[in-house]
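S.K.: My questions all concern the structure below.
The values are calculated or read from the model by the stated rules, or taken from the named source; none is laboratory data. What you see is a predicted model, and the numbers here were worked out from it, not measured in a lab. So basically every Cβ, Gly included, is an ideal-geometry build from the backbone, and we count neighbours across all protein chains shown.
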Amino acid sequence: MYADPFALLERKCGSRARVTETLERFSLELGLPGAPQTNALAALALIRLGHDSQKVAALLEWNEFEDLCAKLFSSAGYRVKRNVVLTKPRKQIDLLATSSLLSLSVDCKHYSTHVGYGTLARFAEEQVERTKLYKRKRDHAGPILPLILTLIEAGTTVVDGVPVVPILKLKSFLESVSPYDGLAVVK
C-alpha cells in the first residue's frame, strides 16, 4: 500500500516528469494558477485517472482537503475565511467563501466511503443550522448558501435545498450558481 498520493500517482503515470505534466494540466482544468504540488491535488488527479476514490480519500488528512478547497474558491475570485468558529452553541464552518453576489457556507467532506441519502440529509441539516447561526451572530450582509463539498466523485445533487458538490465539479457549479436558484439560501 502506498502512503501518499504522489507515490501512487507516479506509479500510475510512469515517471516523475509525467506526474508534473499531469498535475499542471489538471490544475489548469480546475482553475488553479500553477500546479500546486499538494497531496490533495495528486489525490484528485488519481481519482480523475480512475483510481478508487474511497482508497484515495483514506490517503488524505481533512486539512489537506480543506486547503485545496480554499485555494479553489480563492482562484474563482471568492474571499475565503477558514475554520469559522461560533459560540453558544459552539459550531464551526469549514469555509466561508464570499463573492459580490453570494456567500457560501461550506462543509468540506472527504469521507472515504459513499454515504447514503439519510447521512447526506443530516449533513445538509447541520450545515443549514450552522449557516443560520453564523448569519444571526455575525450580522452578515447578503445571502449565504449552505454547501457540502465532497471528494468522492458523483453527480452534483441537492439535498433539502443544500447542494452537494464533488470537488471536481466545483468550477462549473461556481460558474452557474445564483442566490435565486430556489436553494436553501439563508437571507
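S.K.: Residues that are assigned to a loop (DSSP other than H, G, I, E, B), touching a strand residue (DSSP E or B) at 6+ places or on another chain (Cβ under 6 Å), surrounded by fewer than 19 Cβ atoms within 10 Å (Cβ to Cβ) and without any contact (Cβ under 8 Å) to a residue 40 or more places away in the chain: does the stretch 152-163 have at least one?
M.R.: Yes - at least one qualifying residue is present in the stretch 152-163.
S.K.: For R82, are the conditions met, namely being in contact (Cβ under 8 Å) with a residue 60 or more places away in the chain and of a type in the set (K, R)?
M.R.: no
S.K.: So K169 clears everything in (1) of a type in the set (D, E, K, R); (2) in contact with an Asp or Glu (Cβ under 9 Å, 6 or more places away or on another chain); (3) at pLDDT 90 or above except one condition, right? Which one?
M.R.: If we test K169 against (1) of a type in the set (D, E, K, R); (2) in contact with an Asp or Glu (Cβ under 9 Å, 6 or more places away or on another chain); (3) at pLDDT 90 or above, just (3) comes out false.
S.K.: Mind checking which helices (runs of 4 or more DSSP H) fall wholly inside the stretch 1-71 and carry at least 3 residues that are within 17 Å of K109 (Cβ to Cβ)?
M.R.: 39-48, 53-57
S.K.: Give me the pairs: first residue in the stretch 17-44 and basic (K, R), second residue part of a loop (DSSP other than H, G, I, E, B) and surrounded by fewer than 21 Cβ atoms within 10 Å (Cβ to Cβ), beta-carbon distance under 9 Å, and six or more apart or on different chains, which are they?
M.R.: Taking only residues 6 or more apart or on different chains, the pairs are R25/A35.
S.K.: Another question, then. What's the total number of residues in the stretch 100-134 that are closer than 19 Å to L68 by Cβ and in a loop (DSSP other than H, G, I, E, B)?
M.R.: 3
S.K.: Suppose the filter is within 30 Å of F6 (Cα to Cα) and part of a helix (DSSP H, G or I); does K137 pass it?
M.R.: Considered against the rule, which asks whether it is within 30 Å of F6 (Cα to Cα) and part of a helix (DSSP H, G or I), K137 comes out as no.
S.K.: Hey, can you tell me all the residues within the stretch 81-112 that are at pLDDT 90 or above, of a type in the set (A, V, I, L, M, F, W, C) and surrounded by 18 or more Cβ atoms within 10 Å (Cβ to Cβ)?
M.R.: I93, L95, L96, A97, L104, V106, C108
S.K.: List the residue pairs whose Cβ atoms are under 6 Å apart, where the first residue sits in the stretch 60-73 and is farther than 11 Å from L151 by Cβ, the second is in a helix (DSSP H, G or I), and the two are 6 or more positions apart or on different chains.
M.R.: Pairs found: L72/L170.
Okay, residues lined up against (1) outside the structural domain of K137 (by TED's automatic domain parsing); (2) free of Cβ contacts under 8 Å to residues at least 60 places away in the same chain; (3) under 17 Å from the mean Cα position of the chain (by Cα):
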residue: K91; (1), (2), (3): no, yes, no
residue: L95; (1), (2), (3): no, yes, yes
residue: S99; (1), (2), (3): no, yes, yes
residue: S103; (1), (2), (3): no, yes, yes
residue: Y111; (1), (2), (3): no, yes, yes
residue: H114; (1), (2), (3): no, no, yes
residue: G118; (1), (2), (3): no, yes, no
residue: R122; (1), (2), (3): no, yes, no
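S.K.: While we're here: In the list G31, G14, which residue meets the criterion of being within 15 Å of the chain's Cα centre (by Cα) and at positive phi?
M.R.: G31
S.K.: In the stretch 76-87, is there at least one residue being in a helix (DSSP H, G or I), among the basic types (K, R) and touching a Phe, Trp or Tyr at 6+ places or on another chain (Cβ under 9 Å)?
M.R.: No; the residues of the stretch 76-87 include none that is in a helix (DSSP H, G or I), among the basic types (K, R) and touching a Phe, Trp or Tyr at 6+ places or on another chain (Cβ under 9 Å).
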